[in-house]
Amino acid sequence: MSKPDKIMKSLGVACSPIFSGYSQFIYEAAGEQNLKRVFFFTREGIFFKQAFDAWQSRLPEHSKIEAIALPVSRVATFLPSLSGVSTSDLMRMWSQYSAQSMNNTLRSLQCDPDEFHFQLCAHKLKGGEDIHLPWLDRRVVNFFDDPQVKDRINQKRHYAHSLLERMLVQHGFDCTGQNIIVDIGWRGTIQDNLCHAFPGAKIAGVYLGLNQFINSQPSNASKRAFVTDANANNMEFGHILKYVRPIEMLCNGLGGSVTSYTDDSGEKINPVTAVKDEEDEIYRRFTAYFQRGVLDGISASAVPDAVTGPCLRELAQTAGQLLSNLVLDPPRIIAIAEGKLHHNETFGAGGYAVSTRIFLAEWVKAMVFASARKNIFEKAVQSGWPNGYLKRQLGGLPYTWAKRRHRI
C-alpha cells in the first residue's frame, strides 16, 4: 500500500465515529417505526449499507435488521413521480434550477432532446439556450402544452412509473405500506419523488444532514437528520451544508448513477447507469481506501450498548465535529482528490461539474496586485468548497494566511 493510500485509510479510521454513530441513528429510527428492513439509496447508500452491516455485525443475530441497497437517483425517479406534463408539474425541479436549457429539462425527464427537435423549433426554442424562470417563458409553456409533446412524454412517464414500481417491489419495497430509507441528505428529493409516485406508501427518511426544504413536503413523508437539520433549527453544524462536495466524494460508490430502468431480461428490472470513468478513478485512488479505513474502525470499536454507551446526541456531536474539521480545515490529500472529481449534475444541470485550477501566472499577479488576489478568492468561493480549493492550490502557511484573512 502506497503512502497516499495509507493516509486515506488512516483518515477513514479517524472518521469512523461519524458512520458508526449514523448507523446507530438509523437502527434506532427503524426501531421506532417497528420496521425490520431499511433501504439505502445509491450511490452513497452503498457505503452507508456497508458501514451499517459492519456496525450490526457485533449485535446478536435476533436484533439485526435487513439492509437493502436500492438503485435510485433524482433523474430516475423524477419523471415517474409526475402527475402530468405541464409547467406546474415541473416546478419541483425548476424551484431548484431556475435557469435551465430545454435540453437539460428534457434530459431530466429521461428524454432525448433530439426526439423533440421539430417541436422545439416550432415553438422558437433552442435546445442549448439557458432560460431564466422557464415556467414564465411563453415559449416553454406552449411547448409543454403542445399535444404531441404531452403525448410523447406521458407515454414515457407511464412506462417509467411501471418500471420503477416493479424495481421497488423486486427489492422488497412496499409501494402501499410503510418503509424507511437512508441517504446522505441535503433535501431528500428522491424520497419526495417516491412519495409523489406512490401516495399510498408512507416513507420515513433518515439523513446525515438536511438543508432547508424548497418544495412543500408530501403528506406521506417524514424526515430526520443525524448531524444537522435546517428545518428543525438544529444548526450547530449547519456550516457543513455549505460544503457537501467532499462529503459526497468520500461516501461515493462505484458504477455510476442510475438514469432509468430496463426490463430487457423479461423478468428482472435492471438499472441503467451513466458511468464516468474519471469519477470511478477517483474512487479507486482515494475514496476506496478512506472507506476501508472507516469499516476497519467500526469493526474495531466497542459493541454498541444502549445502557452504558454514548447517547445519540453525543454521537451526533462527535460526528459534527469530525465533519467540520473535514470541510473547514481539510487534509490536503482530500482537497486534491476533490479537485480532480467530476461531480454528477445530470439532473437539472444536465452534466458534470469540474473544479477549475489557478495557473502560475495568476499567482504571480496575486503577489503584486490586490485585484488579482481578489480574483483568486472569488474563484475559491465559486468552486463550492473554498477551503478545499485553497488548500490544494496553496497548502501549508500560505493556506493558513489566506484562511484567516478571508475568514473562510
Check your understanding: Residues of the stretch 152-184 with amide nitrogen under 14 Å from the 7 Å Cα-to-Cβ point of Val272?
Key -> 156-164
Review point. To the nearest 0.05, what FRET efficiency results for Leu136 and Gln382 with a Förster distance of 30 Å applied to their C-beta separation?
Key: 0.65
Practice item. Output the antiparallel fraction of DSSP beta bridges having both residues in the chain, as a percent to the nearest 5. Key: 35 percent
Check your understanding: Fully extended, how many nm does the chain gain between Ile214 and Ser2 (0.36 nm per residue separation, minus their Cα-Cα distance)?
Key -> 71.9 nm
Review point. Excluding same-chain residues fewer than 8 positions from Lys202, which lysines have a Cα within less than 20 Å of its Cα?
Key: Lys36, Lys223
Check your understanding: For the chain, how big is the tail of P(r) above 34 Å, as a whole percent of Cα pairs?
Key -> 35 percent
Check your understanding: Can you list the lysines whose alpha carbon sits under 27 Å from that of Lys391, skipping same-chain ones fewer than 8 residues off?
Key -> Lys3, Lys6, Lys9, Lys242, Lys276, Lys340, Lys365, Lys374, Lys379, Lys403
Check your understanding: From the backbone phi of the stretch 140-149, what are the Karplus-calculated ³J(HN,Hα) couplings (6.51 cos²θ - 1.76 cosθ + 1.60, θ = phi - 60°) in whole Hz, Gly and Pro given as x?
Key -> 5, 4, 5, 4, 6, 8, 5, x, 5, 5
Exercise for review: Could I have the simple spin-label model distance between Gln33 and Gln96, label points 7 Å from Cα toward Cβ, reported in nm to one decimal?
Suggested key: 1.9 nm
Exercise for review: Grab the beta carbon distance between Lys124 and Thr259, set R0 = 25 Å, and tell me the FRET efficiency rounded to 0.05.
Suggested key: 0.30
Review point. Counting only DSSP beta bridges with both residues in the stretch 205-321, what percent are antiparallel, rounded to the nearest 5?
Key: 55 percent
Exercise for review: Would you grab the residues whose amide H sits under 5 Å from the one on Ile180? Only those 5+ places off in sequence or on another chain, please, with H modelled 1.01 Å from N.
Suggested key: Phe39, Ala204
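Every read-out reported here was derived from the displayed coordinates using simple, explicitly stated rules and does not represent laboratory data. This structure is a prediction, so every number in the text was calculated from the model and none was measured. In this analysis, Cβ positions are derived from the backbone assuming ideal geometry, glycine residues included, and neighbour counts consider all displayed protein chains.
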